[in-house]
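Enquirer: Quick one: structure below, then a few questions.
Every number here is computed from the coordinates shown, using simple stated rules; none is lab data. Note that this is a predicted model, so its numbers are computed, not measured. For neighbour counting, all protein chains shown are included, and Cβ atoms are generated from backbone atoms with ideal geometry for every residue, glycine included.
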Number of protein chains: 2
Amino acid sequence: MTGYTSNFIDRSYKPSKNDIITTVEVSPAKNVDFKTALQNVAGESSVGTWTKVKTTTKRIEKMAAKVFWYDKKKGLAKIAYPNILFEADNIPQIMSSIAGNIFGMKTLKKLILLDIDFPKNVVKSHGGPLFGIRGVRKILKVKNRPLVGSIIKPKIGLRTKQHAKVAYDAWTGGLDIIKDDENLSDQKFNPFKDRVIETLAMRDKAEQETGEKKVYMANITANIDEMIERAEFIKKNGGRYFMVDVVTVGFSALEELQQENKKLKLVAHAHRAMHAATTRSKDFGISMLSLAKIYRILGADQLHVGTVVGKMEGGKKEVTSIERALRENSHGMKKTFPVASGGLYPGAVQKMVKIMGKDIIIQAGGGVHGHPNGTFEGAKALRQAVEATMKGIPLKKYAKKHSELAKAIKKWGTA
Amino acid sequence: MTGYTSNFIDRSYKPSKNDIITTVEVSPAKNVDFKTALQNVAGESSVGTWTKVKTTTKRIEKMAAKVFWYDKKKGLAKIAYPNILFEADNIPQIMSSIAGNIFGMKTLKKLILLDIDFPKNVVKSHGGPLFGIRGVRKILKVKNRPLVGSIIKPKIGLRTKQHAKVAYDAWTGGLDIIKDDENLSDQKFNPFKDRVIETLAMRDKAEQETGEKKVYMANITANIDEMIERAEFIKKNGGRYFMVDVVTVGFSALEELQQENKKLKLVAHAHRAMHAATTRSKDFGISMLSLAKIYRILGADQLHVGTVVGKMEGGKKEVTSIERALRENSHGMKKTFPVASGGLYPGAVQKMVKIMGKDIIIQAGGGVHGHPNGTFEGAKALRQAVEATMKGIPLKKYAKKHSELAKAIKKWGTA
């Protein structure tokens, strides 16, 4: 094997069902041709290096990754990686291979990891979601409509009692779910343990008053020991959910959290803060679709996927493809609930359900707490928008007899 | 506070020494002006959201991040975040704030997190490197020249005995350091524990024969429990180092590993596989400089920083600025040893030392094992290149009396 040779390209290769398959978008750097760029990518991510080495063997050459399909015009290629290259239960190692050094290679002008297909042993050794869409619906006793929630706002800064009170207002207004924001964890003005106790007390009160199940998702994001301690604390105090910033905590901690959670059995809500530093780039990066598949394997029962209509990027095509991936059959894994969150408001609900279907979780922060009459009416308006949508009644028509929704539409319009 | 208001911009604000300061490069999306984009970034990453909310208070408004400097023409800005927003010992939470949702905002066409300055409490609650450049030099008893090492090649696939033998050849040829490649961890053909035992046995043999200290850096990349077990195994078997793929394991596990390692006291070698999926993009991403500062705080004694001349991207300006950051005085932290690795060869040494100085670790994989006469002579050639450089003798001149170096130069030339 002389460096990144043509051995790494073999269009006659038929991938085994045990291979990891990636789809990549590649542009070679100036004066590099497309096939050379592909050889570099498949070589560097498996058994190759830039020059011929004396230490290789025939046996090792057979372990090479194979580019088994490419389309030069579109700049696309598919690469198969033999299972023997990986530890099935080690996502960091897998990503260090298939998505490691290759992004840094001088021979490339562009490299996007568009998609990954994981074989059975990678999926099974992790296990995927514990609850999935059906399990979450069962807990909430909501069968046929989108779940609807809010993020406590301001993002950060409320004291514990204020936080719990805002949650109570939102729940009694009609929301199913309350979550912390991604940057709230265990700050002095609102300590984690106090917050869990106070907010779950308000949840119990709201459940009694409304006769509905209510969910509080406390953000456990921290170093792994602290995260597990916080998850255990939630469990001990009667919580059913944790929320974690999956990108900033990283793969290694998520694997551990998933294993620990097999004992705790909490629903895992995955926030994706920082994803766009990797997923949004047009030149070098990893698609949200790829990350979504990994987070599903790593146990995300619920995952933020984009809103199409809100304040965050993510178009219809991307978001719906991620949704599909979260629900597709993959070695018996449960389905991950897609979460739409970021710049949403009651008037956006109908369009979102049209695009994304009813198996979604709709979260609005500003779009609830920014209601002209505050959180309680904001929550009512959001729930009314969901009701109208499920009844097939246009929002503006429904608003005629629902003043909270009318006020929300007056302020923010419809999407 | 009405959404992302102008409250988030205050050029008269004087940052406190306890603030976290970021430097960002920003381009607004179409029809968005520069100041609005800045308000969005500072707001979304602290206490703001897209619409005015009823739940905010005067006290919380004071917790807002402040854009205290900007240059519209250059598209640059500096933002100060009050310390109260953060848990000092929680890098995931800090990154979810200052580098979280903001990359996804529709109002932006470009956002690069160029630099971060961390205050004392963030540094102190982690601690930085245990050994640093001086500690590593003390272990190796090498005072005045670059350290020189090799990555075992092929990247992956050698059986344990072969792996240990290649390491032995490289050490006895004159190298200080042998490391696993980033995608080698605990695969069946070369199990981690066997590899550590066999390779450390060869290290002992090489130390005896050469009279020099030799280092083996075994890759412990995995889920956090497994990583700690592997680090403990290294310690128990007389190893002094571990290597970890810092990007793919993630911040939460690194914080835990750092704490555990305060007991084990191993030298931490940080490989950065996958960094370029975030650091190389021209539109949305986080600079390697920012990540390097974080990995130093998280305990990296040695960190891959780029080579300028090798197979990986990373120009002179970027690499030297990262080097400076790893060595600058920051609340008493030890200095991180910059590692140049990726596509290097003996003929590149002189230029690299000219650019990067002698306080670097030079690693060559293919550039050692690809030597026409194999690993042993390849290692000799690389060490000879370092000797020539330290004596101030041009490589080609030195090669006249050093046939191994001559052959390497004949094959790969000089940089």
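Enquirer: Please report, largest first and rounded to whole Å, the three semi-axes of the ellipsoid equivalent to chain B, where each semi-axis is the square root of five times an eigenvalue of the C-alpha gyration tensor.
Expert: Numbers: eigenvalues 379, 107, 61 Å².
Whole-Å semi-axes of the equivalent ellipsoid: 44, 23, 17.
Enquirer: Now for a separate question. With the Cα gyration tensor of the protein assembly as shown in hand, give its eigenvalues times 5 under a square root as the equivalent ellipsoid semi-axes, listed largest first in whole angstrom.
Expert: Output for the protein assembly as shown: semi-axes of 48, 27, 24 Å.
Enquirer: Using 0.36 nm per residue of separation minus the Cα-Cα distance, give me the extension gain between A:K141 and A:N18 in nm, one decimal.
Expert: In short, 40.4 nm is gained.
Enquirer: Let me ask another. Can you tell me the relative contact order of chain A? Whole percent, Cα pairs under 8 Å, sequence separation 6 or more.
Expert: Across chain A, relative contact order equals 15 percent.
Enquirer: Would you mind checking the tilt of helix B:224-236 against the longest principal axis of the Cα atoms of chain B, expressed as 0 to 90 degrees and rounded to 10?
Expert: The angle comes out near 30 degrees.
Enquirer: May I pose another question? Given R₀ = 30 Å, what would the calculated FRET efficiency be for A:Q259 paired with A:N329, taking r from the Cβ atoms and rounding to 0.05?
Expert: On the way: r = 24 Å, r/R0 = 0.80.
Here the calculated transfer efficiency is 0.80.
Enquirer: Another question, if that's okay. Taking chain B as a Gaussian network, where each spring joins two C-alpha atoms under 10 Å apart, which residue of B:K311, B:K106, B:K401 fluctuates the most?
Expert: Comparing B:K311, B:K106, B:K401 in a Gaussian network model of chain B, the most mobile one is B:K401.
Enquirer: Label B:L76 and A:D194 with points 7 Å out from Cα along Cα→Cβ: what is the distance between them in nm?
Expert: Label at B:L76, label at A:D194, 4.1 nm between them.
Enquirer: Just list whichever of B:K143/B:K262; B:K62/B:K120; A:K410/B:K62 have alpha carbons separated by over 27 Å in the model shown.
Expert: Over 27 Å apart, Cα to Cα: A:K410/B:K62.
Enquirer: Whole Å is fine, so just give me how far the alpha carbon centre of the stretch B:217-243 lies from that of the stretch B:399-415.
Expert: Measuring centre to centre over Cα atoms gives 37 Å.
Enquirer: Going 7 Å from the Cα of A:V32 in the Cα-to-Cβ direction, what parts of the stretch A:253-296 have a backbone nitrogen less than 16 Å from that spot?
Expert: A:283-285
Enquirer: For chain A, what proportion of DSSP beta bridges, expressed in % and rounded to the nearest 5, is antiparallel?
Expert: So the antiparallel bridges in chain A amount to around 40 percent.
Enquirer: Please compare each pair in B:K14/B:K35; A:K317/B:K58; A:K106/B:K354; A:K109/B:K213; A:K78/A:K358; A:K52/B:K161 to a cut-off of 30 Å on the Cα-Cα distance and tell me which ones are over it.
Expert: With Cα atoms farther than 30 Å apart: A:K317/B:K58; A:K109/B:K213; A:K78/A:K358.
Enquirer: Also: Using Cα centres only, tell me the gap between the stretch A:57-90 and the stretch A:19-51 in whole Å.
Expert: 10 Å
Enquirer: For chain B, set up a Gaussian network in which alpha carbons nearer than 10 Å are linked by springs, and say which option among B:S46, B:S403, B:S287 fluctuates the most.
Expert: Among B:S46, B:S403, B:S287, the largest mean-square fluctuation in the Gaussian network model of chain B belongs to B:S403.
Enquirer: Compute the FRET efficiency between A:W69 and B:E212 as 1/(1 + (r/R0)^6), taking r as their Cβ-Cβ distance and R0 = 51 Å, and round to the nearest 0.05. The partial results should precede the final answer.
Expert: On the way: r = 49 Å, r/R0 = 0.97.
The calculated FRET efficiency here is 0.55.
Enquirer: Of all GluC sites (Glu not before Pro) in the stretch A:249-357, which ones are in loop regions per DSSP and have a Cβ with at most 12 other Cβ atoms within 10 Å? Working shown, then result.
Expert: Values: sites: A:E255, A:E256, A:E260, A:E313, A:E318, A:E323, A:E328; in loops: A:E313, A:E328.
Sparse-neighbourhood loop GluC sites (Glu not before Pro): A:E328.
Enquirer: Under 16 Å from the Cα of A:K400, which aspartates and glutamates turn up, not counting those fewer than eight places away in the same chain?
Expert: Partners found: A:E377, A:E387.
Enquirer: Determine which residues of the stretch A:365-408 fall in the zone a paramagnetic label at A:K354 would reach in this model, i.e. backbone nitrogen under 17 Å from the point 7 Å along Cα→Cβ.
Expert: Once the point is set 7 Å along Cα→Cβ of A:K354, A:385-399 turn out to lie under 17 Å by backbone N, inside the stretch A:365-408.
Enquirer: Put the label 7 Å from Cα along Cα→Cβ for A:N329; what are its distances to the other copies, in nanometres, shortest first?
Expert: From this label point to the equivalent ones elsewhere in the assembly: 6.6 nm.
Enquirer: Please express the shape of the stretch A:6-125 as an equivalent ellipsoid: the semi-axes are the square roots of 5 times the eigenvalues of the C-alpha gyration tensor, given largest first in whole angstrom.
Expert: Each semi-axis is the square root of five times an eigenvalue, giving 21, 17, 14 Å.
Enquirer: Loop only by DSSP, 11 or fewer other Cβ within 10 Å of the Cβ. Give me the trypsin sites (Lys or Arg not before Pro) in the stretch B:23-84 that pass, ordered by residue number.
Expert: Those that pass, being in a loop and sparsely packed, are B:K30, B:K73, B:K74.
Enquirer: Evaluate peptide B:305-313: per residue, the Cβ atoms of other protein chains within 10 Å of its Cβ; return the mean as an integer.
Expert: Average neighbour count from other chains, rounded to a whole number: 4.
Enquirer: Simple spin-label model, 7 Å along Cα-to-Cβ: B:K161 to A:K282 in nm?
Expert: Placing both labels 7 Å beyond Cα along the Cβ direction yields 5.6 nm.
Enquirer: Still on this structure, please answer the following. Once you average over the residues of A:157-163, how many Cβ atoms of partner chains fall within 10 Å of each Cβ?
Expert: Values: counts 13, 6, 3, 0, 0, 3, 1.
Going residue by residue through A:157-163 and averaging, the value is 4.
Enquirer: Now a separate question. Does the stretch B:346-415 come out rounded, prolate or oblate, given a ≥ b ≥ c as the square roots of the eigenvalues of its C-alpha gyration tensor, rounded meaning a/c under 1.5 and, failing that, prolate meaning a/b above b/c? Mind dumping the intermediate values first?
Expert: Numbers: a/c = 1.84, a/b = 1.29, b/c = 1.43.
Here the stretch B:346-415 falls in the oblate category.
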